[in-house]
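Report on one structure; see the data block that follows.
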Amino acid sequence: MRFSGEWRDYQARVLAEMDDYLGDGRLHVVAAPGSGKTVLGLEATRRAGRPALVLSPSLTIRNQWAERLEPLFLTSLEAHAQRISRDILTPGDMTLATYQALHAAHTRDADFAALAALGPITLVLDECHHLRREWWTALFALRDRLDDVTIVALTATPPYDASHAEWSRYERLCGPIDAEIGVPELVRNGDLAPHQDHVHFSQPDADVVATLMRRRDAVFALTHAVQQDPQLPGMLMEHPFLAEPFRHQEDILEAPEQLSAMLFYLAGRGVPLPEEPLALLGVDGNAVSEFSHFWLQPMLECLLHRHIGAWRLDDVRAKGWKRQLSEAGLITNQRVDFSESLELARVLAGSTGKLASVVEIAHAEAAQLGERLRLAVLTAPRPRRRTAEQARRALCPCPAWRGAHFRDPAPQQHRPAAGRADRIAGDRARGRTRGDLYRGGRLRHSCQRPHLCRIARRARLLRPGFHGGS
């Protein structure tokens with residue numbers, strides 16, 4: 001097994017430093033899409049000289065590892081078929097599996113004896129930012145079961161937005177980031193087209209705006225009612241978090257913002273703050289935030305859903321507040337949630353206001369680029385019978401789209417995947433030379449502005465929420 005191609009300069013840089021990175025038994029590479037993470041991973045396993053277990057988040061990505069082996073590393077994959085396994089319980093010199101398969105084996109109490117019997121092993125975690133919460137237990141159990149394991153973690157987008165606990169767990173398994181391959185390096189080498197990201201704000205539909213306003217008004221009304229409650233301050237002073245904070249220290253530190261919210265509420269009501277909870281949090285009683293709806297959420301979550309000691313909120317307040325929260329859609333999965341709920345996210349994603357944004361983007365780009373414009377519209381498919389008609393009504397007022405005929409795509413059928421170069425060559429033979437988008441259903445145009453309308457050869461417009469770009 002040996003790489004038969006030529007390394008790009010940024011790949012060669014990472015490989016040249018790989019031995020230094022592996023000093024702690026882990027290699028953690030963050031590389032932009034298209035930089036060849038899979039090939040880097042294969043080369044890392046080859047240099048390690050150990051049996052390898054490669055874990056991926058999907059069957060498609062798992063199969064890409066086998067596809068990269070031939071012809072980049074092996075002249076014939078079939079000749080080495082006996083040494084490549086896709087079953088984690090019957091491993092080979094290289095075993096390709098998914099995180100789901102590992103989790104399923106772990107839940108069936110598999111002891112991974114066959115993997116352990118291979119001796120020192122290289123464990124490759126592909127797209128490691130995809131790791132779900134339930135997969136962590138299986139991964140740590142596997143790591144602890146193997147006597148000598150080298151971990152190679154590959155990702156394009158580390159979970160920087162994860163909580164501190166989740167990031168610590170991620171880093172404990174994958175190690176600190178060793179090397180990064182950025183987008184500018186790919187653009188410089190011509191491996192990625194120069195591009196620029198923009199944000200276009202869309203005006204939501206009137207019914208969506210009404211929903212948002214109802215939620216906002218409900219939050220403000222409840223905040224005002226709680227701030228005017230004459231008996232609540234005295235009830236809070238009897239709460240275990242305030243009366244006996246050090247006795248309930250572990251419960252407080254699970255969500256310290258809940259105690260903070262109670263203190264800010266009491267301060268806003270002019271109640272002298274007790275010393276012990278302030279000392280536990282390490283804060284000065286003279287420097288407290290103003291109580292607002294931002295702090296109402298954690299306080300209500302604590303009062304309504306956390307049972308600390310024998311303290312309970314009275315039934316009248318508990319039932320009344322829960323009813324108000326539920327009617328306004330401010331409870332998600334039995335938790336108080338003032339942020340964007342899943343249902344609200346769906347409403348926003350389905351807003352037809354985004355169709356008008358596509359028209360505005362098309363006009364703006366056409367005005368700047370003229371005949372040089374190549375425009376692709378990518379959508380997240382969600383088949384609905386009315387979508388084609390919605391697209392027609394929304395886009396036809398634009399002269400650039402007048403005369404368009406929209407058709408929802410037929411159910412997808414399995415077809416052998418063709419390489420991009422093959423598709424382009426075929427399209428050129430059929431006279432398709434501009435702006436084609438290889439995505440499912442069809443959208444046909446008849447227009448006098450080919451630089452804008454030829455993009456629609458094979459574009460999909462399935463839902464009224466999508467992004468445009470040049």
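Between A12 and R143, the simple label model (points 7 Å from Cα in the Cβ direction) yields a spacing of 3.4 nm.
Each Lys or Arg adds one and each Asp or Glu subtracts one; over the other residues with Cβ under 15 Å from the Cβ of V316, this totals +2. Here the 3J(HN,Hα) profile of segment 299-311, calculated from phi with Karplus coefficients 6.51, -1.76 and 1.60 at θ = phi - 60°, is 5, 5, 4, 5, 5, 8, 10, 10, 9, 9, x, 9, 6 Hz, Gly and Pro shown as x. Using θ = phi - 60° in the Karplus curve 6.51 cos²θ - 1.76 cosθ + 1.60, the 3J(HN,Hα) couplings for segment 41-56 round to x, 5, 5, 5, 5, 5, 5, 5, x, 10, x, 10, 10, 10, 10, 10 Hz; x is entered for Gly and Pro.
Within the shell of other residues whose beta carbon sits under 11 angstrom from the beta carbon of H80, the net charge comes to -2, with Lys and Arg scored +1 and Asp and Glu -1.
Considering only alpha-carbon pairs that sit under 8 angstrom and 6 or more positions apart, the relative contact order computed for segment 9-188 is 33 percent. Arranged from fewest to most other beta-carbon atoms within 10 Å of their beta carbon, L55, L330, L192 become L192, L330, L55. In this structure, the amide hydrogen of A153, modeled 1.01 Å from its nitrogen in the peptide plane, lies closer than 5 angstrom to those of L27, H28, V29, L125, counting only residues at least 5 positions away or on a different chain.
Taken along its principal axes, the alpha carbon cloud of segment 9-188 reaches lengths of 47, 45, 30 Å, longest axis first. Counting every other Cβ atom within 10 Å of each residue's Cβ, H195, H28, H130 order from fewest to most as H195, H130, H28. The mean of 1/r over all pairs of different alpha-carbon atoms in segment 172-248, once inverted, gives a Kirkwood hydrodynamic radius of 19.7 Å.
Relative protection proxy for 144-154, 276-286, from highest mean packing down: 144-154, 276-286 (other beta-carbon atoms within 10 angstrom). Taking the alpha-carbon centroid of each part, what is the distance from segment 298-333 to segment 137-191 in angstrom? After rounding, the separation between the Cα centres reads 39 Å.
For segment 206-346, the relative contact order comes to 26 percent (Cα pairs under 8 Å, sequence separation of at least 6). Inter-label distance, K322 to R269: 2.2 nm, where each label sits 7 Å from its Cα along the C-beta direction.
Calculate I(q)/I(0) for segment 194-305 by the Debye formula, one identical point scatterer on each C-alpha and no solvent, and give its log10 at q = 0.14, 0.16 Å⁻¹ to two decimals. The Debye formula, applied to the Cα set alone, gives -0.64, -0.75.
Across segment 62-67, rounded Karplus estimates of 3J(HN,Hα) from the backbone phi angles (6.51 cos²θ - 1.76 cosθ + 1.60, θ = phi - 60°) give 4, 5, 4, 5, 5, 5 Hz, Gly and Pro being marked x.
If you find the alpha carbon centre of segment 242-277 and of segment 61-76, how far apart are they in angstrom? Cα centroid to Cα centroid, the span is 58 Å.
Each reported figure results from applying straightforward, stated rules to the coordinates on display, with no laboratory input. Since we're looking at a predicted model, the values are computed, not measured. So basically every Cβ, Gly included, is an ideal-geometry build from the backbone, and we count neighbours across all protein chains shown.
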